[in-house]
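Bear in mind that the values in this text are calculations on the coordinates, not laboratory data. For clarity, every value in this text was computed on a predicted model and none was experimentally measured. Note: ideal-geometry Cβ built from the backbone for every residue, glycine included; neighbour counts use all protein chains shown.
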C-alpha cells in the first residue's frame, strides 16, 4: 500500500498545491544540506540575492525574490539581529531601507556555498541534469510578467464568459 504522503500517490489537480508541496519538499531537503552553515534555504536565498544586487532596497529585494515587502522585512530581522545584513534608512529616500551584507554575512554565505553546491548536485542526480535545467526554465517563466499577464487575461476571459 502506498503511504498517503508518498509523492507518487494520487494528488490534487491544483497546480498551485502541487507547486507548493514540491517547493516545501525541496526546501526541506536543502535545509538539511545547509544545516551545518546555520542558514535556512530562505535565509541563504536572501543573502545570495543581496550579494548579487548589493546595495539594494527592501522593495527591490522583495521584487527580485517575488516576495511581499512586509514578509521580507520580517524575514530580514533575524539576519539583521545575527549581524549577517545591515538594514539602514536610505539617505536619498528616507521611506526606503537599504540592505547590505555585513562582513559576517559574506563569510557565512561563502561558507554555505559548498553546502549549496552539494544540494544542487543531489537534486540534479535525483532529478536529472536536463530535467533540472528545464524545470528552472519553466520556473523562470512562471515568475515572469509574461506569465502573470497571460494568467490574468485568462482569468478575466473566464469571468466574462461566466457572466
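Tell me, please, whether a residue that is on the phi > 0 side of the Ramachandran plot and surrounded by fewer than 15 Cβ atoms within 10 Å (Cβ to Cβ) can be found in the stretch 84-107.
Checking the stretch 84-107: not a single residue is on the phi > 0 side of the Ramachandran plot and surrounded by fewer than 15 Cβ atoms within 10 Å (Cβ to Cβ).
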Does residue 47 satisfy the criteria of being closer than 20 Å to residue 108 by Cα and in contact (Cβ under 8 Å) with a residue 40 or more places away in the chain?
yes
Which of the residues belonging to the stretch 89-116 are free of Cβ contacts under 8 Å to residues at least 12 places away in the same chain and over 20 Å from the mean Cα position of the chain (by Cα)?
89, 91, 92, 93, 94, 95, 103, 107
The lone condition residue 135 fails out of (1) more than 24 Å from residue 38 (Cα to Cα); (2) in contact with a strand residue (DSSP E or B) (Cβ under 7 Å, 6 or more places away or on another chain) is (2)
Would you pick out the residues in the stretch 77-100 that are closer than 23 Å to residue 37 by Cα and touching a strand residue (DSSP E or B) at 6+ places or on another chain (Cβ under 6 Å)?
79, 80, 85, 86, 87, 99, 100
